[in-house]
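Here the structure comes first, spelled out in structure tokens, and everything after it is commentary.
The values are calculated or read from the model by the stated rules, or taken from the named source; none is laboratory data. As the structure is a computational prediction, the values presented were derived from the model and not from experiment. FYI the Cβ positions are ideal-geometry reconstructions off the backbone, even for glycines, and counts take in every protein chain you see. Just so you know, the surface numbers come from the protein's heavy atoms only, side chains and all, with ligands and any DNA or RNA stripped out. Shrake-Rupley method; radii C 1.70, N 1.55, O 1.52, S 1.80 Å.
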Amino acid sequence: MLDYRTAGESHGPAMMALVEGMPSGVAVDPALINGELRRRQGGYGRGGRMKIERDEAAVLSGVRQGRTIGSPVAIQIVNRDSRLDEAPPLHHPRPGHADLAGSLKWLTTDCRNVLERASARETAARTAAGALAKCLLGEFGIEVVGYVVRIGEVAADVPADLGPAELARRRDGSEVYCPDGSVAAAMIEVIRIAAADKDNVGGVVVVEVHGQPPGLGSCARWQDKLDGRLMQAVGSIQAIKGVEIGAGFSVAERRGSAVHDAISYDASKRQAPTLGFVRRSNNTGGIEGGITNGQPIVIRAAMKPISTLLQGMDSVDLGTKQATRSDYERSDICSVPAASVVAENVVAFEIARAFLEKFGGDTLVDVRAAYEAFMQAARALGE
């Protein structure tokens, strides 16, 4: 089974990802992986740490002559700002961070031991693992694109019919990774004003998946439902506090006739991922009963403002229990653009995991044969 683990502390020597279960024969694209790491470092509103780091993936195992060989793939991202042992203790927990909860869990008054692992720096490793998964998905024409649709009170209007290439093109032309160029300046202004006030802002990101076949995920066990797995993966990203699939929470306000995506059949579209079963809407976000139906998967996630404020917040000294202000750790004013990159890549990994659960084999040749046999059989249903 395709899986991955991460290791490393924010100011430790490196962040690491260990990816297991990748079949042999997959071409690994270092430019793709490093490009995703660079995008994660970018976006208007990022702080001083990203001016220090130059994230680059070093593949230490599992790849020979540019292709996976079936063994675990170890990826290392060196931290330039590596001062874990010299970093000062932190006794004034930041509201909203893991500082207090983690200090109580591990019985320490020094939040440093907690925050170093809880830090969003860990998402560099998750991004690298997801980018590796994209190398597999690309073999089957599956594309994943993430972007920003809200920062603070400023919301974007992104047409639903834009394809992944156009979405990515428009997004990449924006400092805030938003495909709606008409609101980018207003988003930047929200971030600028928050910085002047020594405050920060959150927002909303969207991830779309295009080209995946029907049948990924399962309704047989609740643990295998793909929508639940995607929500868990995205919801585990630091500062994400809400995740929706498709129309999400808005379905609670409508009648069923206005929610469910009516089905028709168009034989001319048999070669599409939907196998010719077409819909006028996609309120389900491409997943029904925990299983992909061939339509694009659409996921939205709400990111809170991050927990470190230049002005600090009311807190308590864990040693004296006296009132104080929270400590400051070098941080961002807005991490929403970066979060869209992380979300894109954790989604990519979950799609690749589900893909290999259905079509898995020891080699890419095995996987391709299973995939093509399934698609042929699915298109022939009812004949």
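Length available on full extension from ARG80 to ASP314: 0.36 nm per residue minus the Cα-Cα distance, which gives 81.0 nm. Peptides 210-219, 310-319 ranked from most to least packed by the mean count of surrounding Cβ atoms within 10 Å: 210-219, 310-319.
Each part gets one Cα centre, and for the range 325-383 versus the range 18-73 those centres are 15 Å apart. Each 10 Å bin from 0 upward holds the following percent of the Cα-Cα pairs of the range 1-136: 12, 37, 30, 16, 4, 0. Rounded, prolate or oblate: which fits the range 186-305, taking a ≥ b ≥ c as square roots of the Cα gyration tensor eigenvalues, rounded meaning a/c under 1.5, else prolate when a/b beats b/c? Prolate. If you wrap the tightest convex hull around every Cα atom of the range 281-383 and split its volume per residue, you get 203 Å³. Starting from the Cα gyration tensor of the range 146-239, take the square roots of the eigenvalues, sort them a ≥ b ≥ c, and report rounded, prolate or oblate (rounded when a/c is under 1.5, otherwise prolate if a/b is larger than b/c, else oblate). Because a/c hits 1.5 or more and a/b fails to exceed b/c, the range 146-239 counts as oblate. A simple rule links phi to the HN-Hα coupling: the Karplus curve 6.51 cos²θ - 1.76 cosθ + 1.60 with θ = phi - 60°, which for the range 142-151 gives 8, 10, 10, 9, x, 7, 9, 10, 7, 10 Hz, with x for Gly and Pro. From largest to smallest, the equivalent ellipsoid semi-axes obtained for the range 65-180 from the alpha-carbon gyration tensor read 35, 24, 12 Å. A protection proxy built from the mean count of other Cβ atoms within 10 Å ranks the segments 242-251, 12-21, 349-358, most packed first, as 349-358, 12-21, 242-251. When both the range 111-145 and the range 188-208 are represented by their alpha-carbon centers, they are found 22 Å apart. When THR68, THR320, THR284 are compared by accessible area of protein heavy atoms, the largest-first order is THR320, THR284, THR68, using a 1.4 Å probe. Shown for the chain: the carbon plus sulfur share of the solvent-accessible area, taken with all protein chains present and a 1.4 angstrom probe, equals 54%. Note on the range 23-90: Rg/Rh from Cα positions, Kirkwood definition for Rh, rounded to two decimals, is 1.10. DSSP loop (so not H, G, I, E, B), at most 15 other Cβ within 10 Å: list which trypsin sites (Lys or Arg not before Pro) in the range 1-92 pass both filters. Here the sparse-neighbourhood loop sites are ARG54, ARG80, ARG83.
Any idea what % of Cα-Cα pairs in the chain are farther than 27 Å? The answer is 52 percent, as a whole percent.
Globularity index of the range 69-111 is 1.74 (Cα radius of gyration / 2.2 N^0.38 Å, N = number of residues). Adding -39500 (n - 2.57) for every DSSP H run of four residues or longer, then dividing by how many residues the chain holds, sets the calculated 222 nm ellipticity at -9500 deg cm²/dmol.
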